[in-house]
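All remarks here apply to the structure that follows.
Throughout, read-outs are computed from the coordinates displayed, never taken from laboratory work. A quick note: this is a predicted structure, and the numbers were derived from the prediction, not measured. Reconstructed Cβ throughout: ideal geometry from the backbone, glycine too, with neighbour counts over all protein chains shown.
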Amino acid sequence: MPLVKNGRITTDLFVHVAEGAELPGDGAVLISAARFLEDPEAILKRAGKTGVIWPNSRAVDDLVPYLDRLAAVALVFPTFRDGRAYSQARLLRERHGYDGELRATGQVLRDQFVFMSRAGFDAFEVKKDADAEAFAETVKRYSVFYQPTGDGRVTALNRRMQLRHSESAGQ
Amino acid sequence: MYAYDELDRTLINERVSEFRDQVKRRLSGELTEDEFKMLRLQNGVYLQLHAYMFRVAIPYGTLSSKQLRRLAHVARRYDRGYGHFTTRQNIQFNWIKLAELPDALAELAEVGIHAMQTSGNNMRNVTSDQWAGVAPGEVEDPRIWSEILRQHTTLHPEFSFLPRKFKIAITASEHDRAAIKIHDIGLRLHKNADGETGFEVLVGGGLGRTPFIAKTIKPFVHGRDILSYVEAILRVYNQYGRRDNIYKARIKILVHELGIEKFAREVDEEWRQMGHSALTLDHSVIEEVRSRFSYPAYEKLPHMPDELKQAAHDPLFERWRKNSVAPHKVQGYSIVTLSLKPVGGPPGDATADQMDAIADLADKYSFGEIRVGHEQNLALPHVAKRDLPQLWKALDRLGLATPNVNLVTDIIACPGLDYCSLANARSIPIAQELTRRFANHDTADMIGRLHINISGCINACGHHHVGHIGILGVEKNGEEFYQITIGGRADENAQMGVLIGPAVPYAEVADVIEDIVEAYLALRDRPEELFVDTVKRLGVEPFKERVYATR
Ligand code: HEM
Ligand code: SF4
């Protein structure tokens, strides 16, 4: 599954550690929430970055105390119809100030890239190669946005206000 | 009218080109039907019994004549020459070819019309009072808020994949023409004791398999906070709404399972944590949206022009005027309802030629504006009273002057088995038969306001639960049967109808309805007592007796 990060297809530096398998002594790992919560402090002490796969059925509140020490949070789209992770992403970014990698996993298709990136995702485990290749072009599909989100893009309402101001200033 | 600017137009065009690409990928097999389904639904495209069905949004029911002409063109060029106005201020086309859809959308986009989110598990077309901005006594024009919400809910990055569809309706009048109590969120614009404008927020209404009347979650939310409050509701719903069972996924079930108090606490907590957010609407932003609604340059006209006095001698004109013409907030003007319910016709259908002609009449008599109501009728919102006689003649020639608005033949019906793949039974032929039975205008007049609503299955697209008389198609051993409810209503006193007894076969429905109406005529305590009020006073028993005694 190709990983798109910062707009480009890149190699995944995180090793997905299967449930029950031993954690390597160093290197970046991506582990399940259940495993992480068993002993977060010990895991965070490891040499190497920690990423957590957080289920979409659990409030992100339980993850909040560790956010500044996590290198990645992976949120899950079990099907493309299940949009709970969009809310989780915005809460992590906008309410809890998380600024590490926020990764979309599961059924990730090009048609969701705009929504995902606006909600705060910056890394995408894309299901289809062709979609990953089309990332740069599809994420730019829209130039007008109606809602303010943490991505900081100026909304249509605000752009209109700015236009008004510059018009009246020019008169 | 709201004028789309460059930004709105750009967004719609971007949506069209995205959909063009999605259709191309579907046709090439790059997208599976399962993947494509969600994408086409987000653009109003269903796969129905015979063909693709295409649902186009008419936000808050307001259309310009230019837009209506374009809808006529789409009906002619891409469909079979007609369209079907629905209970959700949408228009549906039943015979569209998938490969041609992007072109149809592009042609609509040129006049500021789109099909975004008319379907799918997202925030649907925001609906409002079809008399918004012209009804006497309204708090303010609710379309300003509808438009703010329309924008906010369009392609929302957090709420485009909700557990289920989500519908918001707004009214600003005492008399609710937007049926807000049967919506996921209902908003009632009113003024608080300090004279500030804000919303009573209701939540959790809806029909379908498990009908509920919405409950008030907050009596007053200031206008500037309405986006953040709605966002808080949606966020709670997105996270906790059931996804394990589509029949239990609507917000009404969440509200019911948690109880309104607990749900309200969750929402308040979320809202509190959102704090003073970017969603708070600046006064100047609200004014900016308001400024893009234009209103006609009304003339100073007499309350009772000579033309009207003269025409009053014609009983046919008078019958129509009494039935279809409503008071306007500006003296000398009126709101005219165009009945899309001719005797023997499918409710809500309009031909392309009719649409074009209505657009011409709107230009001539209504400042180029048309409205679409949830009763599946159209309206011309600013007709000078002196023009009423001329307008009536023109409408009559077009078959749009049936004087039956709000009467027994002003039936709301879903497409039923004639078009819909989910149907258990026919709806349209029942409606047609009933319009024939009650075709006599004097009888209909004597019966008075009586709403019949028909749905072809439990999904309740025809709002049968809230019909004064509701007819629901069910299937029994491969045959069409119909359950009859009475006493429902969708206005400010909304309530669900009560079942009167066992379902009846197709062939008996019209007789049963006639029996119910006859029973009412015998039971009402005076001619002014409406059917629903008689039912309220007496309950269903006397009606039940009348219907089943001989069956
Ligand atoms: C022919 C294609 C149609 C299909 C496949 C369809 C499907 C559905 C389904 C599945 C529901 C139930 C959703 C739920 O309860 O969660 C529903 C509800 C509804 N539909 Fe349709 N529908 C169609 C046409 C229409 C038409 C033509 C109208 C208007 C005349 C309409 C208006 C409604 C309304 C108002 C509801 C709301 C019931 C509620 O409040 O829950 N639909 N539709
Ligand atoms: S009520 Fe049922 S039959 Fe009628 S349109 Fe809706 S889904 Fe189809």
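When B:Asp21, A:Asp99 are ordered from fewest to most other Cβ atoms inside 10 Å of their Cβ, what list results?
Fewest-to-most Cβ neighbours within 10 Å comes out as A:Asp99, B:Asp21.
Could you list the residues of the range B:387-425 with an amide nitrogen less than 20 Å from a label point located 7 Å from the Cα of B:Leu316 in the Cα-to-C-beta direction?
Flagged as within label range: B:387-405.
For each of B:Glu375, A:Glu137, B:Glu147, count neighbouring Cβ atoms within 10 Å of the residue's Cβ, then give the residues from fewest to most.
Details: B:Glu375 27, A:Glu137 11, B:Glu147 22.
Fewest-to-most Cβ neighbours within 10 Å comes out as A:Glu137, B:Glu147, B:Glu375.
Compute the distance in nm between two label points, each set 7 Å from the Cα along the Cα-to-Cβ direction, one at A:Ala130 and one at B:Asp418.
4.0 nm
If each residue of separation counts as 0.36 nm, what is the full-extension length gain between A:Glu137 and A:Leu44 once their alpha-carbon separation is subtracted?
Fully extending the segment from A:Glu137 to A:Leu44 adds 29.8 nm.
5 Å is the cut-off here: which amide hydrogens, built 1.01 Å from N in the peptide plane, fall below it relative to A:Leu30, excluding neighbours closer than 5 in sequence?
Residues meeting the criterion, in which the H sits 1.01 Å from N, are A:Val15, A:His16, A:Val17, A:Gly51.
For the range B:93-113 and the range B:234-249, what is the separation of their C-alpha centers, rounded to whole Å?
The distance from the Cα centre of the range B:93-113 to that of the range B:234-249 comes to 32 Å.
Grab the Cα-Cα distance for B:Leu398 and B:Val139, subtract it from 0.36 nm times how many residues apart they are, and report the gain in nm with one decimal.
Between B:Leu398 and B:Val139, full extension yields 89.7 nm more.
Which residues' amide hydrogens lie under 5 Å from the amide hydrogen of B:Val474, considering only partners 5 or more residues apart or on another chain, with H built in the peptide plane?
Amide H neighbours of B:Val474, under 5 Å, 5+ apart: B:Phe481, B:Tyr482, B:Gln483.
What is the calculated FRET efficiency for A:Glu167 to B:Glu110, with r their C-beta to C-beta distance and R₀ = 25 Å, to the nearest 0.05?
0.45
Where both residues lie in the range B:412-551, what percent of DSSP beta bridges are antiparallel, nearest 5? Before the final figure, lay out the partial values.
Details: 13 of 19 bridges.
Restricted to the range B:412-551, the bridges split so that about 70 percent are antiparallel.
Take the protein assembly as shown, compute every pairwise Cα distance, and split them into 10 Å bins from 0; I just need the percent in each bin.
Cα pair-distance distribution for the protein assembly as shown, in percent: 3, 14, 23, 25, 18, 10, 5, 2, 0, 0.
Could you work out how far helix A:156-170 tilts from the main Cα principal axis of chain A, as a 0 to 90 degree angle to the nearest 10?
Around 40 degrees separate the two axes.
Could you work out the mean count of beta carbons from other protein chains within 10 Å of each residue's beta carbon in A:143-153?
Values: counts 5, 13, 7, 12, 13, 5, 4, 2, 1, 1, 0.
Other-chain Cβ atoms within 10 Å of each residue's Cβ, averaged: 6.
How about chain B: what cysteines have no other cysteine beta carbon under 4.7 Å from their own?
B:Cys420, B:Cys457
Kirkwood-based Rg over Rh for the range B:306-398 (C-alpha set), two decimals?
Value, to two decimals: 0.94.
Counting only other chains, and only Cβ atoms inside 10 Å, what mean value do you get across the residues of A:101-112?
The mean count of partner-chain Cβ atoms within 10 Å per residue comes to 2.
State log₁₀ I(q)/I(0) for chain B at q = 0.07, 0.10, 0.12 Å⁻¹ as given by the Debye formula over alpha-carbon point scatterers of equal weight, solvent excluded.
-0.39, -0.83, -1.24
Any chance you could run the full-extension gain for B:Asp268 through B:Leu301? It's 0.36 nm times the residue separation minus the Cα-Cα distance, nm to one decimal.
Working: separation 33, 0.36 × 33 = 11.88 nm, distance 4.95 nm.
This chain segment gains 6.9 nm when fully extended.
Using the Karplus curve 6.51 cos²θ - 1.76 cosθ + 1.60 with θ = phi - 60°, work out ³J(HN,Hα) for each residue of the range B:155-164 in order, rounded to whole Hz, and write x for Gly and Pro.
Karplus values, whole Hz, x for Gly and Pro: 6, 5, x, 9, 10, 8, 9, 6, x, 7.
Any chance you could list P(r) for the range B:142-291, counting all Cα-Cα pairs in 10 angstrom bins from zero, rounded to whole %?
Reading upward from the zero bin: 11, 43, 37, 9, 1.
For every other residue with a beta carbon closer than 15 angstrom to the beta carbon of B:Glu110, add +1 if it is Lys or Arg and -1 if Asp or Glu, then tell me the sum.
+1
Just to check I understand the Karplus step: with θ = phi - 60° and J = 6.51 cos²θ - 1.76 cosθ + 1.60, what whole-Hz values come out for the range B:301-317, glycine and proline as x?
10, x, 5, 10, x, 4, 4, 6, 4, 5, 5, 4, 6, 8, x, 5, 4
Rounded if a/c is under 1.5, else prolate if a/b beats b/c, else oblate: with a ≥ b ≥ c from the C-alpha gyration tensor eigenvalues square-rooted, which is the range B:92-164?
oblate
Inside 10 Å of the C-beta atoms of A:56-66, what's the mean count of C-beta atoms belonging to other chains?
1
Mind running the shape call on chain A? Use the C-alpha gyration tensor, a ≥ b ≥ c as the square roots of the eigenvalues: rounded below 1.5 for a/c, prolate if a/b tops b/c, oblate otherwise.
Working: a/c = 2.43, a/b = 1.79, b/c = 1.36.
Taking the square roots of the gyration eigenvalues as a ≥ b ≥ c, chain A is prolate.
What nm distance separates the two modelled labels at B:Leu27 and A:Arg58, each placed 7 Å from Cα along Cα→Cβ?
4.7 nm
Counting other beta carbons within 10 Å of each Cβ, put B:Val540, A:Val52 in order, fewest first.
Placing the least packed residue first, the sequence is B:Val540, A:Val52.
Using the Cβ atoms and a cut-off under 10 Å, what net charge is assigned to the surroundings of B:Phe166, where Lys and Arg are +1 and Asp and Glu are -1?
Once positives and negatives cancel, what remains is +4.
Report the net charge of residues surrounding B:Phe293, where surrounding means a beta-carbon distance below 15 angstrom and charges are Lys +1, Arg +1, Asp -1, Glu -1.
Working: positive: A:Arg160, B:Arg143, B:Arg150, B:Arg290, B:Arg292, B:Lys329, B:Arg371; negative: B:Asp5, B:Asp8, B:Asp129, B:Glu138, B:Glu140, B:Asp141, B:Glu147, B:Glu287, B:Glu288, B:Glu369.
Value of the local net charge: -3.
Past the 19 Å Cα-Cα mark, which pairs from B:Lys66/B:Lys341; B:Lys341/B:Lys393; B:Lys215/B:Lys252; B:Lys167/B:Lys215; B:Lys181/B:Lys329?
Beyond 19 Å: B:Lys66/B:Lys341; B:Lys181/B:Lys329.
Can you run phi through the Karplus equation (6.51, -1.76, 1.60; θ = phi - 60°) for the range B:455-472 and list ³J(HN,Hα) in whole Hz, with x for Gly and Pro?
10, x, 6, 4, 5, 6, 4, x, 6, 4, 4, 9, x, 4, 10, x, 10, 10
Please give the peptides B:294-302, B:89-97 ranked by average Cβ packing (other Cβ atoms within 10 Å per residue), highest first, as a rough proxy for protection.
With the highest mean Cβ count within 10 Å placed first, the list reads B:89-97, B:294-302.
Quick check on packing: order B:124-131, B:27-34, B:169-176, B:529-536 by the mean number of other C-beta atoms within 10 Å, highest mean leading.
Going by the mean number of other Cβ atoms within 10 Å, highest first, we get B:124-131, B:169-176, B:529-536, B:27-34.
Quick check: pseudo-label points 7 Å beyond the Cα along Cα→Cβ at B:Ala510 and B:Arg436, how many nm apart are they?
Label-label distance for B:Ala510 and B:Arg436, simple model: 0.4 nm.
Express as a percent, rounded to the nearest 5, the fraction of DSSP beta bridges in the protein assembly as shown (both residues included) that run antiparallel.
Bridges in the protein assembly as shown that DSSP calls antiparallel: roughly 65 percent.
Quick check for the range A:1-160: number of Lys pairs with alpha-carbon distance under 29 Å, counting only pairs 8 or more apart or on different chains?
Close lysine pairs under the 29 Å cut-off: 9.
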